[in-house]
Amino acid sequence: MSDQPAPAAAVPQPLEPATADAVRAVAAQARERADQFAAILEDIAANGLPDPEQCTPWEELREQHLARLAKQRPAVA
């Protein structure tokens, strides 16, 4: 055992109201994504996996997403 005393318990610091609101917003976004993921899993459980021939390849989805991100970002001169 160590001869050093145990560290004192840290006292929680209250957040500024704006920071607390931002944390709540992130929590709400995470909750929404989790709900969407759970719905997808429930659909797979109820209906099985979709036919691969009717699915969009991930490469195409990636390119679409990158194009959306590029539109959101301002152009650099």
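Points worth noting:
- Cβ-Cβ under 7 Å pairs, at least 6 apart or on other chains, the range 36-54 side at positive phi, far side open to solvent by less than 80 Å² (accessible area, probe 1.4 Å) and assigned to a loop (DSSP other than H, G, I, E, B): none
- Output for the range 5-22, where each listed residue is at pLDDT 95 or above and surrounded by 10 or more Cβ atoms within 10 Å (Cβ to Cβ): Thr19, Ala20, Asp21, Ala22
The values are calculated or read from the model by the stated rules, or taken from the named source; none is laboratory data. Since this is a predicted model, take the numbers as computed values, not measurements. Counting neighbours? That spans all protein chains shown, and the Cβs are built from the backbone with ideal geometry, glycine included. We work out accessible area using only protein heavy atoms, side chains counted, and drop any ligands, DNA or RNA first. Shrake-Rupley method; radii C 1.70, N 1.55, O 1.52, S 1.80 Å.
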